[in-house]
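The values are calculated or read from the model by the stated rules, or taken from the named source; none is laboratory data. None of these values were measured; they are calculated from a predicted model. Positions of Cβ are backbone-derived with ideal geometry, glycine not excepted, and every protein chain shown enters the neighbour counts.
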Amino acid sequence: MLLVVALALLATVPAIAASPDEKPGVGKAFGAGKGDEIREKMFQERKEMMTTWLQNCDRWMERLRARVEESNIGQESKLRIQERINNVENRINEIKARIGSAKDYDELRNATRESKEIWLGISKEMRMIAYENYVSHIDNVLRKLDEIADRFESYGLDTTQLRNAINEANSTLQSVREKMAGGTVTPKDIAELNKKVMNAFNEAKRLAREYKPKPSDGILMANVNGNFTLTGNMTALIKGNGELHATATAKSESKGAAERIEALVVRGNVNVNGNGTFKIVAHGNGTLTLNDGSASYVFKQCVNQKFVNGTLSKGESISFGC
Amino acid sequence: MKRFSIFLITISLLFLGCSSPEGGKAPVTPATTPSKPTPTPTQTPAEQSTGSDLGIEDIQKDLEELEKMLSELEELENVTFEV
């Protein structure tokens, strides 16, 4: 019996253990077929992945282009950045062409190797353009927050914390700008700037909840270059350079060099005469008269109305409040 | 026995009375003359904060978009070229 089993094994083992050389047809065809299938699947998946990534790159670049376009940096800077964006897009198109023309796994592998080289060359540039765009927008945001702080202060809110937060963000922005010029800016620097800006923004949001002008209040924001008189019942912030003489129910002033008033907040019955370059923000009822020089303004007769722009010439005045 | 039954019935009635659902018969309340409705102050736009004209929402949108762009760039940078 054992002999029979041994003979049977001897007969079958060579067939199982036969090398591919001995059985060329069956063994190799089966292995190669499976391998090709896997490679084909990997090729398809990888190509699809790369195509999606390239599409995302395209979309991101387009959005960056739009953001640069809508930013308020000078036309020259805009053109310069748009040119850099064009260069990056051209390089991305090169990667696209390489990946797109790959017909099999090996070609795709070569294409991605070449693409990696291109990407290493442009990814840093993409980041620098993104940072430049970020910084220009942040500059604008901080300017807006400063204007909002003027509004709050002229309404009578304590803006010390907001002003401090804006100043801190401005210092960080300055330091980021210097690092960008030296090519040493890092994502950590940008994150730090973002944190400072968010602090200032959250403080502005907090104060906005306390900012509730009376329905009878008017709001006036004016830039005066010359001699003016501001009279009425209001809270007003006047800041700039020049001579200021004020009588008011209450007033507080901050002086700069040579004991000149740089910012003045007046409350109640107000009579202010100024000569110089000033920004005036007022809430309440009153009249601004331009005695000499020029002025531009934005104002609301009443709080629930819309802002209207205008200019004043010598001898003209604008009244606000309901 | 009879007294005990009466006692039990009384207790049961008292119990039922105390635990009657709220949706049951509403308690009789003394009739009152309808009071003059208190005027609720209507908020006119003028009484609301003029925060919307401060541009806070626009700044928020701007900041969100900037943050989004930077985080998306990070995602794009995380590409692997290994095949």
Subset of region A:60-76 (residues that are surrounded by 14 or more Cβ atoms within 10 Å (Cβ to Cβ), assigned to a helix (DSSP H, G or I) and not basic (Lys, Arg)): A:60, A:61, A:64, A:68
Pick from region A:159-181 the residues that are modelled with pLDDT of 95 or more and hydrophobic (A, V, I, L, M, F, W, C): which of them is surrounded by the fewest Cβ atoms within 10 Å (Cβ to Cβ)? A:173
Looking for something among the polar types (S, T, N, Q) and within 10 Å of residue B:81 (Cβ to Cβ) - is there at least one such residue anywhere in region A:93-109? no
Residue hits (region A:46-58; without any contact (Cβ under 8 Å) to a residue 24 or more places away in the chain and either more than 10 Å from chain B (Cβ to nearest Cβ) or touching a helix residue (DSSP H, G or I) at 6+ places or on another chain (Cβ under 9 Å) (or both)) are A:48, A:52, A:53, A:55, A:56
Return the residues of region A:207-221 that are surrounded by fewer than 15 Cβ atoms within 10 Å (Cβ to Cβ) and hydroxyl-bearing (Ser, Thr, Tyr); say none if nothing qualifies. A:216
Expected output for region A:137-151 (first residue assigned to a helix (DSSP H, G or I), partner acidic (Asp, Glu), Cβ below 7 Å, 6+ apart or cross-chain) is A:137/B:62; A:141/B:62
Within region A:30-45, the residues that are within 11 Å of chain B (Cβ to nearest Cβ) and surrounded by fewer than 18 Cβ atoms within 10 Å (Cβ to Cβ) are A:39, A:42, A:45
If you go through A:152, A:201, the only one that is within 13 Å of chain B (Cβ to nearest Cβ), under 16 Å from the mean Cα position of the chain (by Cα), under 25 Å from residue A:263 (Cα atoms) and among the hydrophobic types (A, V, I, L, M, F, W, C) is A:201
Can you work out which of the residues in region A:103-137 that are of a type in the set (A, V, I, L, M, F, W, C) and facing chain B (nearest Cβ under 9 Å) is farthest from the chain's Cα centre (by Cα)? A:108
Can you tell me which residue among A:176, A:185 is in contact (Cβ under 8 Å) with a residue 12 or more places away in the chain and either part of a helix (DSSP H, G or I) or touching a strand residue (DSSP E or B) at 6+ places or on another chain (Cβ under 8 Å) (or both)? A:176
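Residues in region A:141-148: is at least one in contact with a strand residue (DSSP E or B) (Cβ under 9 Å, 6 or more places away or on another chain) and surrounded by 21 or more Cβ atoms within 10 Å (Cβ to Cβ)? If you could, list the steps in order and put the result at the bottom.
So in region A:141-148, the residues in contact with a strand residue (DSSP E or B) (Cβ under 9 Å, 6 or more places away or on another chain) come out as A:147.
Next cut, surrounded by 21 or more Cβ atoms within 10 Å (Cβ to Cβ) only: none.
No, there is no match, as no residue in region A:141-148 is in contact with a strand residue (DSSP E or B) (Cβ under 9 Å, 6 or more places away or on another chain) and surrounded by 21 or more Cβ atoms within 10 Å (Cβ to Cβ).
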Would you check which residues across region A:222-233 are buried (at least 22 other Cβ atoms within 10 Å of the Cβ) and either not β-branched (Val, Ile, Thr) or not assigned by TED's automatic domain parsing to the domain that holds residue A:276 (or both) and list them? A:222, A:228, A:230
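Loosely packed, with under 15 Cβ neighbours inside 10 Å, part of a helix (DSSP H, G or I) and modelled with pLDDT of 85 or more: is that true of residue A:121 in this structure?
Here the answer is yes, as residue A:121 does meet what is asked.
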